[in-house]
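Written out below as structure tokens is the structure these notes cover.
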Amino acid sequence: MTKFPRGKTAIVGAALFGGRGAPGYDPDEIAGIAARDALFDAGLTPADVDGLFVTHSNDAFGGGLQLAQYLGIEPIVADNSRTGGNVFQSYLERAAWLLDAGLINVALITYGSNQASATGKLTSSRKPFAYEAPYKPLNPITSYALAAARHMHEFGTTKEQLGHVAIAARSWAALNPDAANREQLSMDEYMGARIICDPLGKLDCCLVTDGGGAIVMTRMDRAKDLRSKPVSVLGATSRTTHDQIMGMPDLTTTGLAECGKRAFTDAGLGPNDIDVLELYDAFTINTILFLEDLGFCPKGEGGRFVEDGRIAVGGSLPVNTNGGGLSCMHPGMYGLFTIIEAVRQLRGECGDRQVNGAKTALAQGNGGLLSSQAVAIMAVD
Amino acid sequence: MTEVSSDGGPNAQYAKFLAEGRFMIQRGKKSGKAVFYPRAYAPGTGEELEWVEASGKGTVYSTTVVRKKPPTPDYNIALIELEEGPRLTSRVEGVEAADVKIGMAVNAQIIDGEEGPLLVFIPAGD
């Protein structure tokens, strides 16, 4: 198999729009504005884009074409995959290969959502599954609750340990002016929150916000001539293990256990080399599972690993430095936002929450019900 | 070439068995490996499958309580690992939702659900 084009491509533009609320905007407008701003950030315009990679939470047939028309472009690659919130890391992976092969020259990866102002809840066009729907799961939370319950059973993970994940995320959000929830969170407040699906309660769940984002990628040789500091792509991988939670091979191990290793091999790095870690924390259990599966701690130790503020502000491993899906923003699919925060950290643009001297970052994406996983490892000189 | 069955696809066949009060699963004709949910061939290998009566015995692999605002009662959702191997989503009845525990032995039961016959599980007892 051909080796991943390590360091051959770069993220040259990144932008956010509407995370604090964008009432009156539709998803294509939100994505379209983020896209223009990311292109300008790179010193490019829509006309430079020949690879368009876009997914919204509520896409229907023809998804992506509307945005191409909005941007006024005629892409030669137009991708509208719907594996879930991991799709943005998978797009980055695909774009790196396509750029390196010379099929495209400028890739735009974007997402927009107005779910909070339009519906006030998570929007999804997921089709009900005949062997699950009659039992009325409150998905996605029911499936993540089943994974959390199993993790507690097998490894003795506690509710307080889940709480440490939520408290750590909030500690970072408190430093981020763009975060939705910036009040520090106490363990008492966490433990007192209403339970929705045992063991997960309201404060174990991500926010429901609006928001869009975009990143722009090109080959490294061209990236060097552009406006922004290029963020080099060292490795990117994906793996899908199941759709419904009943099909998950092992409820305490995700596809990251395999594709994370592959990404580290591609990048020539290991967990100890990562300065900033951005995980897809749709629920508190995610952070614990993903820390384990990516090799930051042994399987089963994730709960103990997050105790004592290890991943909070001032801890030894900076995780979800924007406040994450739990406390910063979560417009329905969050994978792109882990990449954008990683890029901003590597460019040194993060103000009070800046991780000093950050040179390497890992941004992870999770899709569906722990179903699809993807990883991107990035670095700056 | 694969023939079209007059009983419809495996999903329709399963539903028909369930309506007759039978919990049927599939197994590989050569490997004997059990498969659930119903498929036209074994996942991964493509092996031919045949229907067999499930033992109905299983163990709770994971469990949660969906909390509702009173007066709507809370309810259970569980992943059951069948004695034959496959795991499925269901609920455990005949016990408080919060008293369903991982590792609990359970037996299958077909009840009248809101939308037709429904597979649930009850504690196996001693």
Any hit, the range A:108-116, residues being of a type in the set (Phe, Trp, Tyr), within 14 Å of chain B (Cβ to nearest Cβ) and crowded, with 19+ Cβ neighbours inside 10 Å: no
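Every residue, every condition in (1) under 18 Å from the mean Cα position of the chain (by Cα); (2) in the same structural domain as residue A:93 (by TED's automatic domain parsing); (3) among the hydroxyl-bearing types (Ser, Thr, Tyr), yes or no:
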position: A:2; (1), (2), (3): no, no, yes
position: A:15; (1), (2), (3): yes, yes, no
position: A:24; (1), (2), (3): no, yes, no
position: A:28; (1), (2), (3): no, yes, no
position: A:33; (1), (2), (3): no, yes, no
position: A:39; (1), (2), (3): no, yes, no
position: A:45; (1), (2), (3): no, yes, yes
position: A:49; (1), (2), (3): no, yes, no
Output yes when any residue across the range A:286-300 is farther than 23 Å from residue A:209 by Cα, more than 19 Å from the chain's Cα centre (by Cα) and modelled with pLDDT under 95, and no when none is. no
When restricted to A:276, A:343, A:319, the only residue touching a residue at least 40 places away in the same chain (Cβ under 8 Å) and closer than 25 Å to residue A:152 by Cβ is A:319
Kindly indicate whether residue A:103 is touching an Asp or Glu at 6+ places or on another chain (Cβ under 7 Å) and of a type in the set (A, V, I, L, M). no
Selection within the range B:86-112 - surrounded by fewer than 17 Cβ atoms within 10 Å (Cβ to Cβ), of a type in the set (D, E, K, R) and assigned to a loop (DSSP other than H, G, I, E, B): B:93, B:96, B:101
Kindly indicate whether any position in the range B:68-80 is within 13 Å of another protein chain (Cβ to nearest Cβ), surrounded by fewer than 16 Cβ atoms within 10 Å (Cβ to Cβ) and within 13 Å of the chain's Cα centre (by Cα). no
Scanning the range A:203-240 residue by residue, those within 16 Å of the chain's Cα centre (by Cα) and either assigned to a loop (DSSP other than H, G, I, E, B) or among the small types (Gly, Ala, Ser) (or both) turn out to be A:206, A:207, A:208, A:209, A:210, A:211, A:212, A:213, A:214, A:235, A:236, A:238
Residue list for the range A:182-197, filter: part of a loop (DSSP other than H, G, I, E, B) and surrounded by 20 or more Cβ atoms within 10 Å (Cβ to Cβ): A:185
Only one of these conditions is not met by residue B:57: (1) under 15 Å from residue A:135 (Cβ atoms); (2) away from chain A (no Cβ under 12 Å); (3) among the basic types (Lys, Arg). Which number is it? (1)
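State whether the residues of the range A:246-255 include one that is at pLDDT 95 or above, assigned to a loop (DSSP other than H, G, I, E, B), on the phi < 0 side of the Ramachandran plot and under 17 Å from the mean Cα position of the chain (by Cα). I'd like the intermediate steps shown before the answer.
First, pick out the residues of the range A:246-255 that are at pLDDT 95 or above: A:246-255.
Next, only the ones that are assigned to a loop (DSSP other than H, G, I, E, B) stay: A:248-255.
This time we only want the ones that are on the phi < 0 side of the Ramachandran plot, so: A:248-255.
Checking the rest, the ones that are also under 17 Å from the mean Cα position of the chain (by Cα) come to A:254-255.
So far as the range A:246-255 goes, yes, one or more of its residues are at pLDDT 95 or above, assigned to a loop (DSSP other than H, G, I, E, B), on the phi < 0 side of the Ramachandran plot and under 17 Å from the mean Cα position of the chain (by Cα).
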Among the residues of the range B:84-114, the number that are within 16 Å of residue B:125 (Cα to Cα), within 12 Å of the chain's Cα centre (by Cα) and more than 12 Å from chain A (Cβ to nearest Cβ) is 4
Determine, yes or no, whether residue A:374 is closer than 24 Å to residue A:243 by Cβ and either over 11 Å from the mean Cα position of the chain (by Cα) or not assigned by TED's automatic domain parsing to the domain that holds residue A:91 (or both). yes
List the strands (runs of 3 or more DSSP E) inside the range A:3-98, counting only whole elements, that have at least 1 residues being closer than 29 Å to residue A:240 by Cα and charged (D, E, K, R). A:77-79
Count of the range A:305-338 residues which are of a type in the set (Ser, Thr, Tyr), within 19 Å of the chain's Cα centre (by Cα) and under 17 Å from residue A:291 (Cα atoms): 2
Sort out which residues of the range A:262-312 are in contact with a Phe, Trp or Tyr (Cβ under 6 Å, 6 or more places away or on another chain) and surrounded by fewer than 24 Cβ atoms within 10 Å (Cβ to Cβ), and write them in order of number. A:266, A:270, A:271, A:297, A:300
Return the residue satisfying two criteria in turn: it lies in the range B:14-50 and is in contact with a Phe, Trp or Tyr (Cβ under 7 Å, 6 or more places away or on another chain) and within 14 Å of another protein chain (Cβ to nearest Cβ), and of such residues it is surrounded by the most Cβ atoms within 10 Å (Cβ to Cβ). B:26
With (1) hydroxyl-bearing (Ser, Thr, Tyr); (2) over 30 Å from residue B:114 (Cα atoms); (3) away from chain B (no Cβ under 14 Å) as the list, and residue A:119 as the residue in question, which single condition is left unmet? (2)
Restricting to the range A:131-161, and then to whatever is of a type in the set (Val, Ile, Thr) and within 12 Å of chain B (Cβ to nearest Cβ), can you tell me which residue is nearest to residue B:78 (Cα to Cα)? A:142
Matching option when the condition is in the same structural domain as residue A:151 (by TED's automatic domain parsing), outside any helix (DSSP H, G or I) and of a type outside the set (Val, Ile, Thr), among A:317, A:326: A:317
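The values are calculated or read from the model by the stated rules, or taken from the named source; none is laboratory data. Small disclaimer: the values here were computed from a predicted structure and weren't measured. We place every Cβ from the backbone using ideal geometry, glycine too, and count neighbours over all the protein chains shown.
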